[in-house]
1. With the cut-off at 27 Å, report for chain A the share of all Cα pairs above it, as a whole percent.
2. Compute the accessible area per residue over chain B, keeping the other protein chains in place, probe 1.4 Å, unit Å².
3. Calculate how steeply helix B:2-31 sits against the longest principal axis of the alpha-carbon atoms of chain B, using the helix alpha-carbon long axis, and give the answer as 0 to 90 degrees to the nearest 10.
4. Mind pulling the angle between the C-alpha long axis of helix B:75-98 and the longest principal axis of chain B? Nearest 10 degrees, somewhere in 0 to 90.
5. Scan around A:VAL80 for amide H atoms under 5 Å from its own, H built in the peptide plane at 1.01 Å from N, and keep only partners 5 or more places away or cross-chain.
6. Of all the Cα-Cα pairs you can form in the protein assembly as shown, what percent are over 31 Å apart?
7. Helix B:33-43 against the longest principal axis of chain B: what's the angle in degrees, Cα atoms only, rounded to the nearest 10?
8. Threshold 50 Å², probe 1.4 Å: give the residues of segment A:11-45, in number order, that are less accessible with all protein chains present than with their chain alone.
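The values are calculated or read from the model by the stated rules, or taken from the named source; none is laboratory data. Keep in mind the model is a prediction, meaning the values are calculated, not measured. All accessible areas refer to the heavy atoms of the entire protein, side chains included, with ligands and DNA or RNA removed. Shrake-Rupley method; radii C 1.70, N 1.55, O 1.52, S 1.80 Å.
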Amino acid sequence: MSAVDGTRIQSLRSTLVDAALVVLTGIVVALVVNFIRADGLPLVAHTPYLTLVPCPEPGGPVEALDAGSPEVASPRSFLVDARSDIQFDQQHLPGAVNVHYDWLDPLPETALAGLARSIAASGSTRVVVYGDGGRPDSGEYLAKEISGRGIKNVHFIRGGAPAALGREER
Amino acid sequence: MRGGQNAAWFAVPVRWYLGALFVGACLHKIAVPASFALDIATYDILPLVAINVVAIGLPWIELIAGVMLIAGWRVRAASLILAGMMLVFLVALCIALARGLDMSCGCFASQGAEDDPISRLTVFRDLVWLGLCLFVSTFDRGLVGFDGWLGRRDS
């Protein structure tokens with residue numbers, strides 16, 4: 001080992017010792033001040049902190065459509081029913097496919113891939129989603145989710161299935 | 001070694017800037033430790049038992065290291081400590097961003113997420129500060145400050 005290497009190692013060791021002393025001093029001063037001050041914190045919190053961080057809103061841009069608008073009935077529209085499969089089996093708009101919107105797992109990758117394939121195969125130019133029409137509306141959220149995952153020109157039916165299917169019955 | 005000498009002179013205002021920055025950043029954390037503890041808890045990374053200890057100790061280390069940079073005393077050690085802190089802040093920030101948390105970074109006076117939300121810009125800013133800390137630790141030669149007056153050079 002050369003004299004230069006020895007000096008460098010010595011210098012590094014000295015720097016690390018200095019750094020450790022600074023950290024140690026900081027901790028000691030902090031603990032003393034915390035002990036003295038009236039609003040000092042307990043060293044260990046006894047109850048969890050109440051942090052409120054809003055979850056990010058999912059999705060991309062979507063447009064609302066009225067149930068009676070021509071885009072809903074257009075053959076260029078790909079209809080997606082966001083309700084449960086039981087509700088879908090009971091009644092749905094002709095040509096609609098069922099993609100159940102689960103609030104905890106909105107759109108799994110497999111469902112998205114299947115949906116993208118179906119849309120591409122259908123030759124449709126727009127996607128129209130309808131859900132339960134509640135507040136919040138599962139159809140609107142599924143539409144945002146689909147749009148946010150890269151599928152363009154996505155709409156949802158305002159009022160959801162009650163509006164769309166009620167009109168169908170009339 | 002004119003380049004090294006120029007870098008050594010440039011390191012002087014950089015360490016003053018960094019020193020002032022960290023001293024400024026720690027003042028609110030020292031004044032209101034409960035608020036800083038809440039900021040740390042919001043990241044949801046540390047276990048509950050560690051949150052208060054970090055909230056109490058970290059700002060004082062920031063203060064001492066910041067003052068050391070301004071005074072030019074044991075500059076390399078101080079800048080390495082601050083570089084280490086920046087690295088830890090960066091990791092925490094990236095984890096929070098990856099989780100999509102809509103929150104303030106808590107770097108300065110506690111602000112709401114609406115005033116100072118974390119973003120890629122925050123990561124970039126911290127990376128610049130990390131780079132400056134490493135620059136100072138590499139190129140400072142104690143030209144202005146206690147290290148120079150005491151004839152101490154770490155190179």
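1. Taking all Cα-Cα pairs of chain A, the fraction more than 27 Å apart is 50 percent.
2. Details: 7260 Å² over 155 residues.
For chain B, the solvent-accessible area averages 47 Å² per residue.
3. For helix B:2-31, the angle is close to 30 degrees.
4. It is inclined by approximately 30 degrees.
5. Correct list: A:VAL97, A:VAL128, A:VAL129, A:TYR130.
6. Values: 27984 of 52650 pairs.
Above the 31 Å cut-off, the protein assembly as shown has 53 percent of its Cα pairs.
7. Relative to chain B, helix B:33-43 is tipped by roughly 70 degrees.
8. A:THR15, A:ASP18, A:VAL22, A:ALA30, A:ARG37, A:LEU41, A:LEU43
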